[in-house]
Amino acid sequence: MTSASPTTAAAAPAGPSTGPSQGRTLLLDGITQRYGASVAVNDVTLDIRGGELVALLGPSGCGKTTLLRIIAGFLAQTKGHVIVGGETMDGLPPNRRSVGIVFQNYALFPHMTVAENVAYGLDARGVDRATQRREAQRMLDLVKLGHLGDRTPRQMSGGQQQRVALARALAVNPSILLLDEPFAALDKNLRLDMQIEVKRIQRLSGITTILVTHDQEEALSMADRVAVLSQGRLEQFSPPTDVYDAPESLFVNSFVGSANRLGGVLEAADRSGGRVRLDVGGVIETRAPRGDVGPGDRVTVCLRPEHLRVDPGAAAGDGAGEALNGVVEMGLPLGATIVHEIRVGDGSAVKVAESRFERASVLAPGTPVRLAPLAPRLASVFAAA
Amino acid sequence: MAATTLRSVTTYDLKLAAPLALGFLVFFVTPLVILLALSFQADPQGSRYGLTQYVHFLADRFSLGVLGSTLWLGVKVTALTLLLGYPVAWLHQRAPGWGKGVIMLLVLLPLLTSVVVRTFAWVVILGRQGIINAALGGLGLIDAPLKLLYTDSGVVMALAQVQMPLMVLPLITALSRIDPNLADASSVLGAGHWRTFRKVTLPLSLPGIIAGCLLTYAAAITAFITQSLIGGGQMLFMPMYIYQQASTLQNWPFAAAISIIFLAAVLVVVSVFTVLGRLSRGYTNA
């Protein structure tokens with residue numbers, strides 16, 4: 001379905017509307033990028049299936065944009081290989097890689113009409129005028145802007161500009177689509193619409209897509225798999241639910257969603273779970289510890305705010321471990337949830353998020369409470385940071 | 001309501017500009033009016049008024065030749081400056097931080113020395129015993145010294161160097177305003193360097209090209225000192241022609257008429273550039 005070279009791709013535009021096709025695979029094999037002494041990307045290996053949408057998620061400076069620029073060919077990696085559909089891309093300039101990019105600021109050519117923007121890549125491939133026009137129209141129809149081809153980019157709204165950028169990137173039928181923080185400039189409501197729209201078009205075209213983002217919600221909602229990066233290292237590469245429910249590192253646990261971190265000592269551990277005696281008092285049943293830790297070692301326990309329950313009054317433990325006593329510091333009604341900040345034994349603060357269905361009113365500051373996990377083995381355990 | 005507010009702000013601001021307007025009126029508009037009146041005198045004594053001086057100029061092949069060669073000189077200098085200046089501006093855009101500083105210093109350096117000094121430097125370079133001839137002679141490439149000084153190409157070369165900052169600075173501004181992602185987008189879409197330059201960079205830098213050409217052109221055709229020193233006595237351009245008529249021959253009405261004709265010719269060229277500039281800005285910002 002997908003052609004081997006850009007030239008044939010343009011000559012016989014298979015195009016996204018031909019239905020789900022087998023997108024090409026993308027293998028990043030041990031990619032390392034150094035700038036002098038600093039390492040921007042450190043030995044990252046990602047094996048991406050054809051047609052998959054993968055999000056590169058991480059804070060700014062984690063190396064995700066560098067990785068994107070390496071895939072596009074703007075940067076030559078210090079080490080490793082970029083392999084698309086079994087063919088190595090190393091050393092090829094961007095204009096011979098058959099990659100489509102939607103930039104954060106869309107980077108539409110301001111001196112061309114929307115239709116000319118979309119036809120630009122076809123023109124560069126020497127496609128004749130009539131085919132250019134027809135293909136540009138087809139791509140604009142795909143992004144529902146078929147009637148606005150004669151406008152210039154500046155006459156369009158942010159969402160429309162993004163659709164044009166997407167149409168322009170897809171018009172040349174690229175092997176890989178790269179989205180560089182594409183929704184960051186859109187306001188919140190429009191962002192959700194565009195995320196759904198992009199996901200729809202990506203499904204329809206079956207094109208292998210890399211989404212670079214620092215927005216965890218965006219990554220979790222759109223991607224088939226999420227690659228979490230921190231300081232140039234790949235922390236985890238899993239489906240979104242696993243990233244959230246089974247974080248493989250302390251960084252992932254804290255960066256994706258929020259987490260209460262508590263210090264403690266591991267009392268027992270096996271493949272199915274562990275038991276930790278917390279420094280603030282109490283014992284908690286946890287998931288199996290990650291990393292090289294054994295009984296007696298110091299560990300960090302991560303508890304998600306929505307995995308805890310606040311019960312007024314101090315009391316003894318239950319099945320999920322000994323309860324944790326504390327005092328309400330502050331209560332915030334956030335609409336769908338109510339968040340309490342609880343001051344526990346040694347003075348550290350623990351956040352608890354409960355649904356309005358569970359709790360009707362905010363607890364007054366100073367109320368003595370006890371904290372308990374909603375179920376055993378929700379908390380994650382990592383070697384002490 | 002909004003219009004009234006804007007209006008009151010504007011009148012307030014106009015009062016602040018009054019001293020400048022007064023200076024402009026006294027030192028620019030008045031002399032120009034006097035010049036215009038002077039150009040209508042039929043003889044130096046001012047006994048009769050008429051179009052005599054204009055008729056004299058426009059009927060005179062020599063005078064028209066001077067006007068023509070001056071305007072043509074401007075075209076040549078502007079073209080050469082653009083040709084040499086664009087790569088410099090482009091390089092400035094691509095250079096790392098320190099490189100940018102060095103290029104900017106080299107571009108601005110000529111502005112820090114007097115035009116007279118820079119022109120004499122060119123006399124030294126182009127003269128019979130000058131640097132170029134000495135070098136070529138020393139290498140055995142030429143037997144007799146080349147005639148470089150007092151030639152048309154000598155004037156064009158010297159003027160191009162002297163006016164270079166006027167071309168490069170607007171170009172640098174225009175190029176730096178182009179989003180670097182556009183070149184990346186172009187290249188990812190399959191365009192090579194040359195195509196990206198032709199289809200994206202060049203069209204988007206048009207406002208800078210036009211501004212630079214306008215400044216260079218205006219400065220080149222009125223560059224009295226460089227034209228006279230490098231051109232020498234045999235080559236006559238409009239500024240020197242006006243000077244001769246006014247100072248040497250004391251023919252003030254004719255000098256005034258030439259000045260007005262020169263001014264009109266320059267204004268025509270400037271307005272063509274301005275229209276082009278507006279079109280290009282509309283084109284790039286549309």
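Coordinate-derived values only; no laboratory data. Worth saying up front: this structure is predicted, and the values here are computed from it rather than measured. Glycine gets a Cβ as well: all are built from the backbone with ideal geometry, and neighbour counts include every protein chain shown.
Miscellaneous remarks
- Taking 14 Å as the straight-line reach from the Cα of A:LYS79, the aspartates and glutamates in range (excluding those fewer than 8 positions away in the same chain) are A:ASP29, A:ASP43, A:ASP90.
- Dipole magnitude for the protein assembly as shown: computed about the Cα centre from +1 point charges on Lys and Arg Cβ and -1 point charges on Asp and Glu Cβ, it is near 1780 debye.
- Efficiency of FRET between B:THR113 and A:ARG34 - r from beta-carbon atoms, R0 45 angstrom, step 0.05: 0.50
- Rg/Rh, computed from the Cα trace of the range B:110-237 with Rh as the Kirkwood radius, has the value 1.14.
- Fraction in percent of alpha-carbon pairs per bin - 10 Å, the range A:258-383: 14, 46, 30, 9, 0
- Just checking the listed ones, B:ASP43, B:ASP184, B:ASP152: in the Gaussian network model of chain B with Cα springs under 10 Å, the one fluctuating most is B:ASP184.
- Fluctuation leader among B:ALA218, B:ALA160, B:ALA191 - chain B, Gaussian network, Cα springs under 10 angstrom: B:ALA191
- Take the Cα of B:ASP60, step 7 Å toward its Cβ, do the same at B:PHE24, and the gap between the two points is 3.4 nm.
- Every Cα-Cα pair of chain B was included, and the share exceeding 35 Å stands at 37 percent.
- Backbone phi angles across the range A:163-170, fed through the Karplus curve with coefficients 6.51, -1.76 and 1.60 (θ = phi - 60°), yield HN-Hα couplings of 4, 4, 4, 5, 4, 5, 5, 7 Hz in residue order; Gly and Pro are listed as x.
- What the Cα convex hull of chain A gives, in volume per residue, is 164 Å³.
- Restricting the range A:93-168 to trypsin sites (Lys or Arg not before Pro) that sit in a DSSP loop and have at most 16 other Cβ atoms within 10 Å of their own Cβ leaves A:LYS144, A:ARG151.
- Per-residue mean of C-beta atoms belonging to partner chains within 10 Å, peptide A:145-156: 1
- Dipole check for chain B: with +1 at the C-beta of Lys and Arg, -1 at the C-beta of Asp and Glu, and the Cα centre as origin, the magnitude is about 520 Debye.
- DSSP-defined beta bridges in the protein assembly as shown - what % are antiparallel, rounded to 5: 75
- Applying a DSSP loop filter and a limit of 16 other Cβ atoms within 10 Å to the trypsin sites (Lys or Arg not before Pro) in the range B:42-141 leaves B:ARG48, B:ARG128.
- Among A:VAL362, A:VAL226, A:VAL39, residue whose mean-square fluctuation peaks in a GNM of chain A (springs only between Cα atoms under 10 Å): A:VAL362
- Least to most buried among B:VAL275, A:VAL283 (fewest other Cβ within 10 Å first): B:VAL275, A:VAL283
- Among B:VAL29, A:SER175, A:LEU204 the positive-end extreme of the charge dipole of the protein assembly as shown (Cβ point charges): B:VAL29
- Set of lysines near B:LYS76 by C-alpha distance (under 23 Å), chain-local residues within fewer than 8 positions excluded: B:LYS147
- Interchain or long-range residues, amide H under 5 Å from A:LEU308's placed H: A:ALA353, A:LEU374
- Over the protein assembly as shown, dividing the summed -39,500 (n - 2.57) contributions of all DSSP H runs of at least 4 residues by the number of residues returns a 222 nm mean residue ellipticity of -14000 deg cm²/dmol.
- Note on the protein assembly as shown: dipole from Cβ charges, positive end direction compared against B:PRO253, A:GLN162, B:LEU83; the farthest Cα belongs to B:PRO253.
- Residues with amide H under 5 Å from that of A:VAL299, placed H, sequence gap 5 or more: A:GLY264, A:VAL265, A:LEU266, A:ALA384
- Principal axis extents of the Cα atoms in the protein assembly as shown, from largest to smallest and rounded to whole angstrom, are 119, 63, 57.
- The charge dipole of the range A:17-112, taken about the Cα centre with unit charges on the Cβ atoms of Lys, Arg (+1) and Asp, Glu (-1), comes to about 200 debye, rounded to the nearest 20.
- Mean separation of Cα contacts under 8 Å, 6 or more apart, over the residue count of chain A: relative contact order %: 16
- Kyte-Doolittle mean at least -1.0 and Cα axial length at least 18 Å: DSSP H helices in chain B: B:2-16, B:61-94, B:152-176, B:206-221, B:252-285
- Looking at chain A, the DSSP beta bridges with both ends there are about 75 percent antiparallel.
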